[in-house]
1. In whole percent, what relative contact order does the stretch 2-91 give with Cα contacts below 8 Å and a gap of six or more residues?
2. Stretched out fully, how many nm does the piece from ALA82 to THR22 gain, at 0.36 nm a residue minus the Cα gap?
3. Considering the values [x] 18, 51, 26, 5, 0; [y] 16, 37, 23, 13, 7, 3, 0; [z] 11, 17, 18, 17, 13, 11, 7, 4, 1, which represents P(r) over Cα pairs in 10 Å bins from 0, in percent as calculated for the structure under consideration?
4. Quick one: helix 74-91 against the long Cα principal axis of the chain, what's the angle to the nearest 10°, folded into 0 to 90?
5. Which value in nm describes the separation of the simple spin-label points at ASP58 and GLU40, placed 7 Å from the Cα toward the beta carbon?
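Quick note: the coordinates plus some simple rules give every number you see, no bench work behind them. Quick caveat: nothing in here was measured; it's all calculated off a predicted structure. For neighbour counting, all protein chains shown are included, and Cβ atoms are generated from backbone atoms with ideal geometry for every residue, glycine included.
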Amino acid sequence: MDHFADRLRAAPQSRLQRGAATEALGLARELARRAQQLEEPGTRPREMPDAGMFAAADQITVAGHDLALALTDEGELAAAVALVEEAQKRAGV
């Protein structure tokens, strides 16, 4: 996750505009949703706002670290890592 965020920070604006930032926001929202479900079961997850393409890397970092702190199961960890890897491939960074 940190590697993906670093790659986004280093990516040119044109790459972010071609979909990398959108992919990153989708990942950040999913990571945040999973963390909220673990931390507050039974409550409706709040959606992470779109803070703009230049904030996407920071949003991934925050959401990913929140999820990492909430995870208690190795299977959940493996699923989260796979999610990040897939998003990075789709983002092309």
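1. It comes to 42 percent, rounded to a whole number.
2. 19.8 nm
3. [x]
4. 20
5. In this crude spin-label approximation the distance works out to 2.2 nm.
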